[in-house]
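Pasting a structure here, questions to come.
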Amino acid sequence: MEQTRKNFPVLSQYVYANTAAAGLLNDNLLEWRQEHDLDFLIGGSTMKTKAMMEYIPKVRETVASFCGSKTENTALVPNFSIGLNMLLEGLPKNHNVLLLKNDYPSVNWPFTSRGFHIFYVDIDEHLEDRIFNTIKENNISVLALSVVQWVNGIKIAPDFLQLLKEEFPDLIIIADGTQFSGTTVFDFEASAIDVLGTSGYKWLLAGYGNGFMLFKDHMVDQFSVKTIGFNSSDIDLNGRDQVRFAKFFEPGHLDTFNFGSLKFSLDYLEGLGMHAIEAQLNTLSQKAKTAFADLGLLEDAVVKRPSHSTIFKIKDDADRFNKLTDEGVVCSQRGGGVRLSFHFYNTEKDVETIVKILKTTI
């Protein structure tokens, strides 16, 4: 992974610990984007028409292959938030919905704005137990959550979701994978998740304006989605009544620049090897968790859980955020603390540098 750092110019200037806010652009993707727009400059509508007809289906196939989903159940959307709002327009309001308190607003707000009967659980070291008990006691029919929490990086245990499905087979599990996709090997069809939506600008390193929604086959019976447009029918004037479920999420033309960037980045990650990326992130997670915990900077909910992502919220006493940024560390202020997040282009030395700075604030 060390060899990949040269492809990310930002890393020569800063310790970049902010992928949870925005993943980095690499030199190779920039070159592809420039070539794409040069082709558009020269070819105009001829280039765009051909690209939309031939290239966009390849993007969908690449997403499906990367995530282990069925191509026909894979929808390309500008971002997770739009995809979820489209989906919920087709969900009957008689569902009891379980959300996580203080989950990402784009997960919770689309439900709260539509009048569903909503229950909440706290995000702490007992998260899985709280979810299970609330579902059992309140006849919950929909669970919606981020796989990885945006503020403190708490990650729902994949095995737990499988257990939920075994115990409550009719439960619809809707997941936001924006802080998850691109961090681990994942097989959607083998998972317990029924709907997974992801924006591509964070851990997938695909830039803004692209994302996807994945669906299990039986979701067509659970949602009556109304969104539709000419592109839903694959530009077929006689195809309005033959639109498959996933294409209701693609009513208009899809930008070959943005979604081409997504395909390029997924191919790039596959080239590096998702197993290797996952291993690197596990190493960084363990090192950072141990170091931050030893400094007393992590909340108990994170320290007491057996595994964690590479997103950490540390206490912001003594103006730590300003100290870190003054020393060239790119990070974010979230949830009353400082959020640090590490991707495969980070190194153990990056963690050590941050720890050294933090020690001066204690």
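Kindly identify the range 76-153 as rounded, prolate or oblate by the Cα gyration tensor criterion: order the square roots of the eigenvalues as a ≥ b ≥ c, call it rounded if a/c is under 1.5, otherwise compare a/b with b/c, prolate if a/b is larger, else oblate.
Judged from the Cα gyration tensor, the range 76-153 comes out oblate (a/c at least 1.5, b/c at or above a/b).
Could you give each residue of the range 244-261 its phi-based ³J(HN,Hα) in whole Hz, using Karplus coefficients 6.51, -1.76, 1.60 with θ = phi - 60°, and x for Gly or Pro?
Those phi angles translate into 7, 3, 5, 6, 5, 8, 10, x, x, 4, 9, 6, 5, 5, 5, 7, x, 5 Hz.
In whole Hz, with x marking every Gly and Pro, tabulate ³J(HN,Hα) for the range 298-303 from phi via Karplus 6.51 cos²θ - 1.76 cosθ + 1.60, θ = phi - 60°.
9, 6, 4, 4, 7, 4
With a 1.4 Å probe and every protein chain left in place, tell me how much accessible area Lys93 has, in Å² to the nearest 10.
100 Å²
Oh, and also: Could you check what % of the DSSP bridge pairs in the range 135-232 are antiparallel, to the nearest 5?
45 percent
Could you work out the relative contact order of the chain, using alpha carbon pairs under 8 angstrom and six or more residues apart, expressed as a whole percent? Write down the numbers at each step before the final one.
Working: 640 pairs, mean separation 86.9, N = 362.
The value is 24 percent.
Next up: Of the heavy-atom accessible surface of the chain (probe 1.4 angstrom), what whole percent is carbon and sulfur? Don't jump to the answer; show the numbers that get you there.
Numbers: 7880 of 15860 Å².
Percent of accessible area from carbon and sulfur atoms in the chain: 50.
Here is a further query. With only Lys, Arg, Asp and Glu charged, each at its Cβ (+1 for the first two, -1 for the last two), find how big the charge dipole of the range 49-113 is about the Cα centre; round to the nearest 20 debye.
Charge dipole, the range 49-113, about its Cα centre: 20 debye, nearest 20.
What whole-number distance in Å separates the alpha-carbon centres of the range 315-362 and the range 104-167?
Rounded to whole Å, the Cα centres lie 29 Å apart.
Reachable lysines from Lys359, Cα under 19 Å, same-chain residues fewer than 8 places away excluded?
Straight-distance partners of Lys359: Lys287, Lys289, Lys313, Lys315, Lys323, Lys349.
Same structure again: Please give the charge dipole size of the chain, origin at the Cα centre, charges +1 on K and R Cβ atoms and -1 on D and E Cβ atoms. Round to the nearest 20 debye.
The calculated dipole for the chain is roughly 560 debye.
Here's a follow-up. Can you list residues from other chains, or at least 5 along the same chain, whose modelled amide H is less than 5 Å from the amide H of Ile172?
Val142, Leu143
Grab the Cα-Cα distance for Gln3 and Asp267, subtract it from 0.36 nm times how many residues apart they are, and report the gain in nm with one decimal.
93.3 nm
Output needed: percent of Cα pairs per 20 Å distance bin for the chain, bins running from 0 to the one holding the longest distance.
Spelled out bin by bin, the chain gives 29, 56, 15, 0 percent.
Something else: Under 18 Å between alpha carbons, and skipping anything fewer than 8 positions from Lys70 in its own chain: which lysines qualify?
Cross-link targets: Lys58, Lys216, Lys247, Lys263.
In the range 239-287, with Lys and Arg counted as +1 and Asp and Glu as -1 at Cβ, which of these residues, Gln286, Ser265, Phe249, has the Cα nearest the positive end of the dipole, that is, farthest along it?
Sorting the options by dipole projection puts first Phe249.
Hey, what do the phi angles of the range 99-109 turn into as Karplus ³J(HN,Hα) couplings, whole Hz, using 6.51/-1.76/1.60 and θ = phi - 60°, x for Gly and Pro?
10, 9, 4, 6, 5, 4, x, 6, 8, 7, 4
What number, rounded to the nearest 500 deg cm²/dmol, is the helix-based mean residue ellipticity at 222 nm of the chain, given -39500 (n - 2.57) per DSSP H run of at least four residues and division by all its residues?
Per the formula, -12000 deg cm²/dmol.
Moving to a separate point now. In debye to the nearest 20, how big a dipole does the range 131-268 give about its Cα centre with +1 on each Lys and Arg Cβ and -1 on each Asp and Glu Cβ?
Details: 10 positive and 17 negative charges, 75 e Å.
Its charge dipole is roughly 360 debye.
Given 5 Å bins starting at zero, what is the percent of C-alpha pairs of the range 240-362 in each, up to the one with the largest pair distance?
2, 9, 16, 17, 14, 10, 10, 9, 7, 4, 2, 1, 0, 0
Going by accessible area, probe 1.4 Å, with all protein chains left in place, what is the ranking of Arg305, Arg240, Arg33, largest first?
The ranking, largest first, comes out as Arg240, Arg33, Arg305.
The values are calculated or read from the model by the stated rules, or taken from the named source; none is laboratory data. Model, not experiment: these values are computed from the prediction. Here Cβ is always computed from backbone atoms with ideal geometry, including for glycine, and neighbour counts include all displayed protein chains. SASA here: full protein model, heavy atoms, side chains in, ligands and nucleic acids out. Shrake-Rupley method; radii C 1.70, N 1.55, O 1.52, S 1.80 Å.
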